[in-house]
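Nothing in this text is a laboratory measurement; each read-out follows from the coordinates by a stated rule. Only a predicted model underlies this, so the values are computations on that prediction, with no experimental measurement involved. Every residue, glycine as well, gets a Cβ built from its backbone with ideal geometry; the counts of neighbours run over all protein chains shown.
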Amino acid sequence: MSRAASLPVIYSAQSVIGMSDFSEELKGPVTDDEQVETSVLSGAGMHFPWLQTYIETVAIGGKRKKDFAQTTSACLSFIQEALLKHQWQQAAEYMHSYFQTLEDSDSYKRQAAPEIIWKLGSEILFYHPKSNVETFNTFADRMKNIGIMNYLKISLQHALYLLHHGMLEDAKRKLSEAETWRHGEKTSSREILINLIQAYKGLLQYYTWSKKKRELSKLDKDDYAYSAVAQDVFNHSWKTSVNISALIKMPGVWDPFVKSYVEMLEFYGDRDGAQEVLTNYAYDEKFPSNPNAHIYLYNFLKRQKAPRSKLISVLKILYQIVPSHKLMLEFHTLLRKSEKEEHHKLGLEVLFGVLDFAGCTKNITAWKYLAKYVKKTLMGNHLVWVQEEWKSRKNWWPSFHFSYFWAKSDWKEDTALACEKAFVAGLLLGKGCRYFRYILKQDHQILGKKIKRMKRSVKKYSIVNPRL
Amino acid sequence: MRGFAAAQAHGILSPGLAFPAGGLLPPLPEAALATRVTGPGGGNCRGAAMDLEEAEEFKERCTQCEAVSWGLTDEGKYYCTSCHNVTERSKEVINSDIIPNAQIKALNRGLKRKNNSEKGWDWYVCEGFQHILYQQAEALKNLGVGPELKNDVLHNFWKRYLQKSKQAYCKNPVYTTGRKPTVLEDNLSHSDWASEPELPSDVNSPFLESGMESQSDVHTRKSLRISKALQSETSVCSGSLDGVEYSQRKEKGLVKMTVPQTLAFCYLSLLWQREAITLSDLLRFVEEDHIPYINAFQHFPEQMKLYGRDRGIFGTESWPNYDDIYKKTIEVATFLDLPRFPDITEDCYLHPNILCMKYLMEVNLPDEMHSLTCHVVKMTGMGEADFLTFDPIAKVAKTVKYDVQAVAVIVVVLKLLFLLDDNLEWSLSNLAEKHNEKNKKDKPWFNFRKWYQIMKKAFDEKKQNWEEARAKYLWKSEKPLYYSYVDKPVAYKKREMVVNLQKQFSTLVDSTPTAGKKSPSSFQFNWTEEDTERTCFHGHSLQGVLKEKGQSLLTKNSLYWLSTQKFCRCYCTHVTTYEESNYSLSYQFILNLFSFLLRIKASLLHEEVSLVEKELFKKKYSVTKKKSKSKKRRR
């Protein structure tokens, strides 16, 4: 990502809690609610929906469910269906009736109603053609004040909605309002929300900061405005760090927050601070496994010109999480350059690993590396390593990579790729392999020499026909 | 008594069985039902404490029953509260400087003023129900039901109920504050019923018998009640005076009024009047909001406040259920000890022959089927007046589910004609189709398949609309019900919030007037010859499924299967069970179609079909246990 952060960065932060995720959230909690009602958890975590209905009738003394409950739950499914089909108009129509669940005589359902209504209603208002920011604001303000349970959550989502509409200042104001809101007792879930709200505020400040920084970079140091802008930049950074740092200490996935925080720390030369944040984010066991955490750390260390062994240890973890990541080729290079033999072996493993994934099959660099490295390994008398890797793949790689079809289409699309693949095929499957034979048959003027060399190497090193 | 006289004029009531006995019940003016009829304003409605206090000075024993328990009539005369004997002595004789009527008036005004504040009127639960019944009667009148229903029949049933449940028109009404919730007028010349000149002096009148208790009992109970009443006034748990007491009242044999019960009263009156509204129609009108039911309380006068226990008594969150109201109807009729209802004869709407015609039209079946249904009705004896007429005082009080039964007859006829085994009906359809193609000018043969396709589509659409309308139903009244005064602002705030949100979202909805209230109709489907897209089968012929044999017509199909082989003989209420998957798809479809029309469960209709078959194949049931029987019928 470029240093100049733009709004899209903020939107990627929505994976935590945000507008674009409303539909998922909608299905999540809402169906959760329903499950509470309609299914029974038995010891093994199995659901027996029919049992629940039976139990319900027992619980209410054999009386059938009130029609109020029946029609409102039917209404809910109609709304969900309409949302799924993007029929905002119909959804709004049903919503009109669904509001009465706020007055449900069943206190459990009455308490759950505001959240469900908020989620459905905000989704409708987000997409409905007749809706506008004003309508949304009114709705959000109303829903915020039904009970105190949802104030913070709604405020945050309200702010995200405003951000989506480019109303940064309004969003900031909403976040500040929410930040200072005090009502009822402090609970842990509320604390997280307050941290999130503050962090989002920090993110907005970061955005301003980053804009200022860009201005600064355009200015000449001797410009009379320079010092003023620089001062401004500094002030912002201080506020932001306070806002964000509390959140990222809590376990969670906070990618955009971490990124912008680190960027600012780095800018002011606090490398140790930045490294600490990143290391903590990547290695703290309380945090959920997150490949990005390792990528950030790696990129940071690379910028800091950290020793190779350190870089290798970071990527090793990434390799375990995402063996197909594009950084794996860099990892391979690092391993190849290492002095340790086990690193060399791992280097081969990594390459094979990358090419196991369908998304990487056309990656010419990976094939080039593999061709070279397999040859080098075989030349270095490590036939066993290759055999070891090949053992688990020989059943499926031939049809996955080296079929006649692929030979034809690869050659047509990218002759260089075809050559590299043919070389690997020859080494692994012997010169009789169809892919290899197909490429050999092609008469190509420029590649002619290369193919000849390849033929010789295959004859010499192929694992199918080990040297006698 | 007007109602009574009218009933007699119609020859409905035999004089001996005169119900709400004219002499006992004071005539009730129209205004009595129209406005808030009872309460502090009326002459009969005096605080017991006051009443008794005034009468306390009078200590003589009653000449009739020797009790010392005197009340004051509006003329200022003393009457015995236990035997209702009115003395010749009036209060003026003892205390000449009080003019009772004036004092009562003044006191009443006082009461009113006091209660006009936030607290509202003093009112009784039964007044609330009376108000709902009044609204329902008005609605029925607007639906075209004759005015006698409201003025005479329902009115008398209600009076009789008040009497039987000892709430009014009896010696010892359960209300102890003395302000009996009897029906009143503005006119003060009316006083306690005891002062009616035509009062029968025989205490053994059948309606008083039940009220007889030993003297001491009456006394202790009275004093207890007074103290209780005073208590309840300080600790308010309901808007009505007796809400708490009412919800705790549990007496053996007492049928307590509930909101669904009001429909039982309505249906009883409709039945008495032999009106052209079946129970399923009535309930459908309720569901379509043509008859006040859900939140009927919101039309109570402003001064009748509801909260606390009233919530449980008057709040409803369900539509009425056919079976439930049916049972309640019988229960109420038995409790009221009603005489045999007017005969259901062949010219009555509720007679199966007429209902069958109606339902055949409704579901788009050929008119020719009617003669077959009539035949089944005749063979089963279901058309007899004795079978059809409701007689609550018979040994086993039961009434006929007229609508369900008529529909069941149609199902049986369909089974006779088409067997409905997922096979024969289709091959008969093929024959009809071929015939119709060849003879385009003739009257077309009825094609079951074509009928199914058209009905299936229409039915699915109707059902979908119905489900959507239900999902959109707004249950909550403009007047929120709350538990106590503490909750009141919360409840009102919630209501306001909901209204605001609804307003906001209604701007997002296209203003197409889809929400327009349907006008009430006993028909849900309409089929006309002009409609080209939806074929009307009324005029189609059954020639394809019948064959002539000499003078008589026989069904081509000679097989039949019974919906129920064995009836349940245990003491549970059901006679059979309906496991959908055990039956043919055609049968399932037909049951679903009809049970949707009547808004009942398919199992209920299945049960009725089985009962009709039981009558129709009576002999076979007792003689043989063969699975299916062939049957030939004459026409």
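Note on A:Ala246 and B:Lys620: their simple-model spin labels are 8.2 nm apart, each label 7 Å out from Cα toward Cβ.
The stretch between A:Glu285 and A:Tyr108 holds 60.1 nm of extra length on full extension. This uses 0.36 nm per residue minus the Cα-Cα distance.
Straight-distance candidates among the lysines for linking to B:Lys493, with alpha-carbon spacing under 16 Å and chain neighbours fewer than 8 residues away dropped: A:Lys144, B:Lys476, B:Lys479, B:Lys503. Per-residue extension of 0.36 nm, minus the Cα-Cα distance of B:Asp323 and B:Gln551, leaves a gain of 77.7 nm for this segment. Residue order for A:Ile194, A:Ile117, fewest other beta carbons within 10 angstrom first, comes to A:Ile194, A:Ile117.
Take each peptide in B:486-496, A:348-358, B:126-136, count the other Cβ atoms within 10 Å of every residue, and average; sorted highest first, the result is B:126-136, A:348-358, B:486-496.
Just to verify a number: FRET efficiency for B:Gln464 and A:His86, C-beta to C-beta distance, R0 = 22 Å, to 0.05? Working from the Cβ atoms, E equals 0.65. Note on A:Met167, A:Met264, B:Met455: ascending count of other Cβ atoms within 10 Å places them as A:Met167, B:Met455, A:Met264, the fewest first. Inter-chain neighbour count for B:469-480: the average number of beta-carbon atoms from partner chains within 10 Å of each residue's beta-carbon is 5. Within the straight-line cut-off of under 17 Å between alpha carbons, the lysines reachable from B:Lys518 are B:Lys462, B:Lys463, B:Lys472, sequence neighbours fewer than 8 places apart in one chain being disregarded. Structure note, pairs A:Lys218/A:Lys259; A:Lys326/A:Lys421; B:Lys159/B:Lys488; B:Lys450/B:Lys619; A:Lys259/A:Lys286: Cα-Cα distances above 29 angstrom occur for B:Lys159/B:Lys488; B:Lys450/B:Lys619.
Where in region A:329-369 does the amide nitrogen come within less than 15 Å of the point 7 Å from the Cα of A:Lys450, taken along Cα to Cβ? What the label zone holds, given the 15 Å backbone N cut-off, is A:363-369. Sequentially through region B:404-416, phi angles give Karplus couplings (6.51, -1.76, 1.60; θ = phi - 60°) of 5, 5, 4, 5, 4, 4, 4, 4, 4, 5, 4, 5, 5 Hz, Gly and Pro residues having no value and appearing as x. Between A:His183 and B:Glu580, the C-beta separation translates, for a Förster distance of 41 Å, into a calculated FRET efficiency of about 0.15. Comparing A:Tyr206, A:Asn195, A:Ala178 along the charge dipole axis of region A:178-220, the residue lying farthest to the positive side is A:Tyr206, per the Cβ-charge model. Beyond 22 Å in Cα-Cα separation lie the following of the pairs A:Lys302/A:Lys362; A:Lys310/A:Lys340; A:Lys408/A:Lys449; B:Lys438/B:Lys547; B:Lys378/B:Lys601; A:Lys368/A:Lys459: A:Lys302/A:Lys362; B:Lys378/B:Lys601. Give the lysines reachable from B:Lys166 as a straight Cα distance under 23 Å; neighbours fewer than 8 places away on the same chain don't count. List returned: B:Lys150, B:Lys180, B:Lys222, B:Lys228, B:Lys250, B:Lys252, B:Lys256, B:Lys327, B:Lys328. Rounded to the nearest 0.05, the FRET efficiency derived from the C-beta distance between A:Asp272 and A:Lys218 at R0 = 22 Å is 0.15.
With each label modelled as a point 7 angstrom along the Cα→C-beta vector, the A:Asn299-B:Gln298 pair spans 5.9 nm. For B:Thr555, the residues whose amide H sits under 5 Å from its own are B:Lys547, B:Arg633, ignoring neighbours fewer than 5 places away on the same chain, with H placed 1.01 Å from N. Panel order for B:Val255, B:Val575, by other beta carbons found within 10 Å of each beta carbon, from fewest to most: B:Val575, B:Val255. Placing +1 on the Cβ of every Lys and Arg and -1 on the Cβ of every Asp and Glu, with no other charges, gives region B:300-372 a dipole of roughly 480 debye about its Cα centre. Where in region B:476-509 does the amide nitrogen come within less than 20 Å of the point 7 Å from the Cα of A:Thr138, taken along Cα to Cβ? From region B:476-509, the list is B:493-509.
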